[in-house]
Amino acid sequence: MIVSRNKPNPISLTSDGQLTLTFLGCGSAFAKTLNQTNLLVVKGSDHLLIDMGTTSARVLHRHGVSLAQIKNYLITHSHADHVGGLEEVQLFNRYVINQKANMIITKAYEDLLWHDSLKGGSEWSEQKRLEIFRSMDNAATQKTEGIFA
């Protein structure tokens, strides 16, 4: 297999209305050259990043996309190659752009994500949970209270 060293093409967060899928990686949790599996879905002016693994911010940056531009996240499960980059998103949103991202997760998963993944790296600098994400319980409409409210 040959892995290209060419400069990657810029990724657009908008389309002409067509659904576009951009795989930011197609490797495993331990991938060194193919990046971890993360997918960017774009249609019209909407976008959704599926999973935010430990390599996602670097890969987005290589393609000309800042974390400040990503507004919507869907997390599939709590392995590091799918949630490992959320702490960076959480802190970046709080301290750099002071803006909340949209998380499409349930309240139950929000609690699990906080207690089992994000709390250790984020709670130290806060008197209360970081309120950085807005979650959407039951797939899209109802806002929840708590860390992601």
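Residues in the stretch 103-141 that are among the aromatic types (Phe, Trp, Tyr), open to solvent by 10 Å² or more (accessible area, probe 1.4 Å) and modelled with pLDDT under 85: 1 in all.
Here's the yes/no breakdown for (1) closer than 25 Å to SER15 by Cα; (2) not aliphatic (A, V, I, L, M):
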| residue | (1), (2) |
| --- | --- |
| GLY44 | yes, yes |
| ASP51 | yes, yes |
| THR55 | yes, yes |
| SER66 | yes, yes |
| LYS71 | yes, yes |
| LEU74 | yes, no |
| ALA80 | no, no |
| VAL89 | yes, no |
| ARG94 | no, yes |
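The values are calculated or read from the model by the stated rules, or taken from the named source; none is laboratory data. Bear in mind the structure is a predicted one, so any value in this text is a computation, not a measurement. Note: accessible area is taken over every heavy atom of the protein model, side chains too, but ligands, DNA and RNA are not part of it. Shrake-Rupley method; radii C 1.70, N 1.55, O 1.52, S 1.80 Å.
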